[in-house]
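Accompanying notes for the structure given below.
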Amino acid sequence: MDERLCKADEVHDSPGVMGRANPLVKFLGVLVLGVAALIWPDFTLGLVLVALLFVLAWRIGCLKPFSGLMFGFGVPMAVMLMFIQGLYSPKNTTVIADFGFAQLGLQGVLYAAKIVVTVLVFLGSFYIANATTYIGSLVAALTQIGCPAKLGYLIFASLNVVPQMQRKVTVIRQAQSARGLGTGGSLISRFRAFLPLMGPVVMSSLTDAQERGMTLETRGFGIKGVRRTNYVKVAWRAQDTMALCLMAVFFVAIVVFSLLDYTGTLSLVYPWGGAR
């Protein structure tokens, strides 16, 4: 019976190495990569990690939505931060462009670049981890290591709310289109067609929340002193141990080299125009 359950659970996960990896390892990797880009003295490590995330997204077959997310979020944020930090940062001492009303400083540009790539590392790694992980597997992995069931359900509900709302909007839009409601045309027409969707979406969400609460209560979700079992079985493989060791070595190396650079013992950051 357990073997059949494991085979059934594997259908939910993405194929390939990323899909077979333990969810805890993947989301721990999100934290390791993001913190590594954050503590590194400049933006170069984060830029390399972003490039590697693009390669990984291409390997697992989600390059198009991944690129749309990264560029759709990264470009506006980069423009905004370059304007704020590049023109008005108090750290600016080296002028690289004079616009008359303000001067573009090198130090502010470098600081803005570091913020952008750090956020993109967090965002991109989380997207890949979430795209290759069945949420039920993540919750099961957390409960297997002793995480409270209520916290696991909170994580499951938080990560599942956006896809669930998207499915509801799609179903309601198709139903109203079948009844003759126009959903195309100009931007104003689409906005007018979108307004009638909000009522059914909100009401159905409230109904689902009530039904989910009643289901959890009837199944004894709040009973204390009882050891719960999981339908989803998450295995820990040798590849997970190897990945965990590699992440630990990578993170320790980043911390050590960053400390050496900050203390001036070993210079690892390229001086961009004399600025670090």
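The values are calculated or read from the model by the stated rules, or taken from the named source; none is laboratory data. This structure is a prediction, so every number in the text was calculated from the model and none was measured. Here Cβ is always computed from backbone atoms with ideal geometry, including for glycine, and neighbour counts include all displayed protein chains. Please note that ligands, DNA and RNA were not included when accessible areas were found on the heavy atoms of the full protein model with its side chains. Shrake-Rupley method; radii C 1.70, N 1.55, O 1.52, S 1.80 Å.
Can you find even one residue in region 29-44 that is open to solvent by 70 Å² or more (accessible area, probe 1.4 Å) and more than 20 Å from Gly19 (Cα to Cα)? Yes, some residue in region 29-44 is open to solvent by 70 Å² or more (accessible area, probe 1.4 Å) and more than 20 Å from Gly19 (Cα to Cα).
Looking only at residues in region 128-147 that are of a type outside the set (S, T, N, Q) and in a loop (DSSP other than H, G, I, E, B), the one that is least open to solvent (accessible area, probe 1.4 Å) is Cys147.
All conditions but one from (1) of a type in the set (Phe, Trp, Tyr); (2) at pLDDT 90 or above; (3) farther than 30 Å from Lys233 by Cβ apply to Phe122; the one that does not is (3).
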